[in-house]
Amino acid sequence: MNFTCYIVDDEAEAIALLQEYIERTPGLELIGSSQNPLEALDVLTGKNAPDITFLDVDMRQLSGMELAGMVNLYTSVVFTTAFPEYALLAFDKEAFDFLTKPIDYERFVKCIQKAKRKIKKGPEADTLEKHGFFNIKSEIKGRMVKIRFDEVMFIEGAVNYIQIHTTNEKHMTYVTMREIERHLPKTLFARIHRSFIVNIDFVKVIERAQLKLENGESLIMGDHYKQKFLDFMDERLVKTDR
């Protein structure tokens, strides 16, 4: 099974090098590249988004950091840059890996090996959705908790932990937002902020950049997620023909 790849870099030479590495490496398929991050945005957030996106940090039209905040829900981001000091910011954007230019092939292969271990392909999330629940290891050692999708109001990220807010209680578990997101039904859950995933069944009011939930709690939408969420909710809007 191949992992699909995409390259975004405003330097043609950098794209050419990564393209060569991808073509040399078994199990990888390059589905496209772009020197314009704004043009790449639709591909990276579309139905057939790549498994891995190699994303340059320093670009004129839109920085790689800004673009990563918009696309890391859909694709695993690997930052590429000549400036290693960006590494901490990269992982703050939930980057999958960080490659320092000039990128050597051995380091590239290590990145791909890591990807093959971490990125799960196949119908795993669909299978969980059919069951209607998922299990987590709680903050109490040796304890596993069953959580139904329809009981989750929202999920809050906290570095390497998440807190799951249900209708009755809260649960803390040692997984990232990206890891839990892979297991959530996309028809029911939406990312509204780098720190929040919301169950749309519990959204009562949307006003400006704020959501009010059925229990009265309010959540803020992040700039990078706001329009995508509003478009998602607009599909459920009752509209007049007049």
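The values are calculated or read from the model by the stated rules, or taken from the named source; none is laboratory data. Since we're looking at a predicted model, the values are computed, not measured. In this analysis, Cβ positions are derived from the backbone assuming ideal geometry, glycine residues included, and neighbour counts consider all displayed protein chains.
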Does any residue of the stretch 34-42 turn out to be at pLDDT below 90, more than 18 Å from the chain's Cα centre (by Cα) and among the acidic types (D, E)? yes
So which residues in the stretch 200-238 are surrounded by fewer than 13 Cβ atoms within 10 Å (Cβ to Cβ), of a type in the set (D, E, K, R) and in a strand (DSSP E or B), if there are any at all? K204, E207
What tally of residues in the stretch 26-64 results from selecting those that are among the β-branched types (V, I, T), over 10 Å from V8 (Cα atoms) and crowded, with 18+ Cβ neighbours inside 10 Å? 2
When every residue in the stretch 60-94 that is at pLDDT below 70 and aromatic (F, W, Y) is compared, the one farthest from M177 (Cα to Cα) is Y86
The stretch 117-142 residues that are under 20 Å from T75 (Cα atoms), paired with ones that are among the charged types (D, E, K, R) and at pLDDT 70 or above (beta carbon under 7 Å, 6 or more apart): I119/D51; K120/R182; A125/R182
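Taking the condition closer than 27 Å to K226 by Cβ, among the acidic types (D, E) and either over 14 Å from the mean Cα position of the chain (by Cα) or not assigned by TED's automatic domain parsing to the domain that holds E181 (or both), does E20 pass?
No: the conditions fail for E20.
Working carefully through the options L213, L219, find the one that is touching a helix residue (DSSP H, G or I) at 6+ places or on another chain (Cβ under 9 Å) and under 22 Å from F149 (Cβ atoms).
On the way: L219 fails: touching a helix residue (DSSP H, G or I) at 6+ places or on another chain (Cβ under 9 Å).
Answer to the selection: L213.
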Might you check whether a residue that is farther than 24 Å from K226 by Cβ and in contact with a Phe, Trp or Tyr (Cβ under 7 Å, 6 or more places away or on another chain) occurs anywhere in the stretch 59-78? yes
If you check V43 against the conditions, is it farther than 18 Å from T80 by Cα and of a type outside the set (F, W, Y)? yes
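Tell me, yes or no, whether the stretch 190-199 has at least one residue that is loosely packed, with under 13 Cβ neighbours inside 10 Å and within 23 Å of the chain's Cα centre (by Cα).
The initial filter retains those residues of the stretch 190-199 that are loosely packed, with under 13 Cβ neighbours inside 10 Å, namely none.
Looking through the stretch 190-199, none of the residues is loosely packed, with under 13 Cβ neighbours inside 10 Å and within 23 Å of the chain's Cα centre (by Cα).
Residues of the stretch 168-185 being part of a loop (DSSP other than H, G, I, E, B) and touching a residue at least 24 places away in the same chain (Cβ under 8 Å), which ones? Can you show your working first?
Kept after step one, since they are part of a loop (DSSP other than H, G, I, E, B), are these residues of the stretch 168-185: 168-169, 174-176, 182-185.
Hits for the stretch 168-185 are Y174, V175, T176, R182, H183, L184, P185.
Given the criteria in contact with a helix residue (DSSP H, G or I) (Cβ under 7 Å, 6 or more places away or on another chain) and over 21 Å from R178 (Cα atoms), does T25 qualify? It would help to see each step written out before you state the result.
Values: in contact with a helix residue (DSSP H, G or I) (Cβ under 7 Å, 6 or more places away or on another chain): yes; over 21 Å from R178 (Cα atoms): yes.
Yes.
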Selected residue (only one of G157, G132 is on the phi > 0 side of the Ramachandran plot and either at pLDDT below 75 or not assigned by TED's automatic domain parsing to the domain that holds F54 (or both)): G132
Failed condition for T166, given (1) under 15 Å from M233 (Cα atoms); (2) modelled with pLDDT of 95 or more, with all others met? (1)
